[in-house]
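Here is the structure we will look at, set down as structure tokens.
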Amino acid sequence: MLDLGFIHTLRRIAQLVGKPRQTMLFSATMPRQIEALTHAFLTDPVRVETARPGRAAEKIAQSVHFVEKNGKAGLLKKCLSERPSDLSLVFSRTKHGAEKLMKQLVAAGFSAASIHGNKSQGQRERALKGFRNGNTRILVATDVAARGIDIPGVTHVYNFDLPEVA
């Protein structure tokens, strides 16, 4: 939330609540800038983490493909075609980009849906339900829209665009 521009609102709330207060911060990721900012809200914080930042779980295999921008969609379609029965999550940096990519995949014959901030809650829930039950094999999402979702059976995650915050 701090990353998304809510910092001004959080500062106002902190002033209204006053002191003493208990403030807790939970995050799956903790960029350096946010960690520095937390000192304005937390007193003697205790950090609990399950793994060091930047390390993938041992069972996760990662790879990178260097391709020109105009070749990214073609490479993604090729990768997805090689695994037609897998559940694949594809991250796009922008809402517009996620929607455009999903439409390209559907036009190419893939079973795809998208979730992002321009979708209604009902649309997001339908897309997630279709993905969870396997009716939709590919879910294209912005990283913000996909935070906190847990979908068993996802075999591949593609970062179509480099994220704003790695």
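Nothing in this text is a laboratory measurement; each read-out follows from the coordinates by a stated rule. Since the structure is predicted, the reported quantities are computational estimates derived from the model, not experimental observations. Positions of Cβ are generated from backbone atoms using ideal geometry, with glycine treated the same way; all protein chains shown enter the neighbour counts.
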Item to complete: Among the listed pairs Lys59/Lys95; Lys103/Lys129; Lys69/Lys103; Lys59/Lys129, give every one whose C-alpha distance is greater than 24 Å.
Response: Lys59/Lys95; Lys59/Lys129
Discussion item. Given the options Asn118, Thr9, Thr29, identify the residue whose Cα lies farthest towards the positive end of the charge dipole of the chain (+1 on Cβ of Lys, Arg; -1 on Cβ of Asp, Glu).
Written reply: Asn118
Discussion item. Show me, bin by bin at 10 Å from 0, the whole-percent P(r) of segment 1-115 based on Cα pairs.
Written reply: 9, 29, 24, 22, 13, 3
Worksheet item: Classify segment 80-138: rounded, prolate or oblate, from the alpha-carbon gyration tensor (a ≥ b ≥ c, eigenvalue square roots; a/c under 1.5 rounded; otherwise prolate if a/b is larger than b/c)?
Response: oblate
Item to complete: Would you mind working out the magnitude of the charge dipole of the chain relative to its Cα centre, with +1 at each Lys and Arg C-beta and -1 at each Asp and Glu C-beta, to the nearest 20 Debye?
Response: 340 debye
Discussion item. Output needed: percent of Cα pairs per 10 Å distance bin for segment 56-166, bins running from 0 to the one holding the longest distance.
Written reply: 14, 50, 32, 4
Worksheet entry | Potential extension, Lys100-Asp150 segment - 0.36 nm per residue separation minus Cα distance | 15.6 nm
